[in-house]
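Report on the following structure.
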Amino acid sequence: MKYAAIGPIAVHYPERVETNEALQRAFPDWDMDLIYEKTGIASRHIAAEGECASDLGVAAARKLFSRYEIDPASIDFLLLCTQTPDYPLPTTACLLQTRLGLPTSAGALDFNLGCSGFVYGLALADGLIRLGSCRRVLLITAETYSKYIDPTDRSLRTIFGDGAAATLIEAADAPALCGFKFGTDGEGADTLMVSAGGARPAKDAIKPRHRKRWPSALYMDGPSLISFTVAQVPKLIDQILEIAQVDQSGIELYLLHQATKKMLEQLQLRLGIGEDRMPTLLEHCGNTVSSTLPILIDHLRGETRLRPGVRSLLVGFGVGWSWAGCVWTETWNG
C-alpha cells in the first residue's frame, strides 16, 4: 500500500498590497494600532477587479510545475478548496484542469470548507492514494474573500487577505500523515457566512445571530468564533494525539490555521505551548482562509525549521463550524 506525503508547495498572492498605513489615511477614525495589536496584520494582498480565486490557483500551480519541474501530465487528481468559486456551476476544478493542461484522465473536484479545508484536502488525497487510484494529487487552496467585503467594513477588511497555494501530494512507502480527526457543528453556521448568491431565497436565509453592523456580503461574529475555537481546538488536539498514539512531547511544531494574533495567543495560553512551538505568519498576508497552513509550511521550510523527520500537528478550524487535524511527519527534503 502507498501513503500520502506532502511534497513541494508554491504560493501566489495578487499584486496589490493594502497596508495599514493606507487604510489609516482612507479612514482616519480607524485605530490601526489597536487593530494591529489584535490581529497581528500589517498588510494584506487584495485581488484585482476581475481576478478570481481560480486565477490565483492557476498562478500558484504554474509556479509549482515550473519551480520543481513537475509535468502536468503526471497529475492524477485535482482537488480545489475554495469558498469563492468562479460560478455556481460548473465546478471550478474542471476549469482549472484545462487551463493547467492536466490530462483528461485526471479527476477534479471542488470542496467548500474554508479554514479547515487544507487538512480535509490532505485526508482526501491520502484516501485516493491508499486506494491505489492515484500517485500524484494536486491540492489547490485559493480564496478571494475580499470580493465579499465592503470597503468600509473595519472588522473584515483588516483581517482577510487573498491568496492561493498549490501543494503536490505524492505516493510514499511509509505513512507521513496519521491521526486524522474531523468535526462539524452546523449550529455555528451563522457566525461566518455569506447568505446571498445561493439558491435559497433571501427571505428564507439563515439570519446572523447578532445585528449586522457592516454592509459586507460576508458576516462574521468574531467573539463567537473565538469562543468556539478556544473550546474546541484543545479537545481536538487531545483526540488527534490519542488516535495517533503520540505524546505531546513528541510534537515539535503546532501548525494552526492563522486566523488572528489574538485567537492564536489564546490557544497558545490554553494549550500551554511556547511561541517557538506555535509559529505565526500573518503580518504581511493576513488570514488567507484555506491557504494559511500551506503558506505557513512553505515559509517554515524556507527557514529550515521543517526538516525531514520533524513531527508536527496540523489543525484547521472555523467557518461552518468545521474543524480538522492530523499528525504530520515531514519527508520532503527539497
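Here, each number is a calculation from the coordinates, and none is a lab measurement. This structure is a prediction, so every number in the text was calculated from the model and none was measured. Here the Cβ positions follow ideal geometry from the backbone for every residue, glycine too, while neighbour counts run over all protein chains shown.
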Check off (1) closer than 17 Å to TYR145 by Cα; (2) out of contact with any Phe, Trp or Tyr (no Cβ under 8 Å at 6 or more places or on another chain) for LEU56 and give me the number that stays unchecked.
(2)
Residues in the stretch 279-288: is at least one more than 14 Å from the chain's Cα centre (by Cα) and free of Cβ contacts under 8 Å to residues at least 60 places away in the same chain?
yes
Does any residue of the stretch 14-23 turn out to be surrounded by fewer than 15 Cβ atoms within 10 Å (Cβ to Cβ) and among the hydroxyl-bearing types (Ser, Thr, Tyr)?
yes
Can you list the strands (runs of 3 or more DSSP E) found entirely within the stretch 120-234 that contain at least 3 residues being among the charged types (D, E, K, R), in contact with a strand residue (DSSP E or B) (Cβ under 8 Å, 6 or more places away or on another chain) and in contact (Cβ under 8 Å) with a residue 40 or more places away in the chain?
none
Can you find a residue in the stretch 270-283 that is in contact with a Gly (Cβ under 8 Å, 6 or more places away or on another chain) and outside any loop (DSSP other than H, G, I, E, B)?
no
Lone unmet requirement of (1) of a type outside the set (Phe, Trp, Tyr); (2) touching a helix residue (DSSP H, G or I) at 6+ places or on another chain (Cβ under 7 Å); (3) not in a helix (DSSP H, G or I) for LYS38:
(3)
When THR292 is run through (1) over 15 Å from LYS235 (Cα atoms); (2) surrounded by fewer than 23 Cβ atoms within 10 Å (Cβ to Cβ), the failure sits at (2)
Please enumerate the residues belonging to the stretch 36-60 that are of a type outside the set (D, E, K, R) and surrounded by fewer than 20 Cβ atoms within 10 Å (Cβ to Cβ).
TYR36, ALA42, SER43, ALA48, GLY50, ALA59
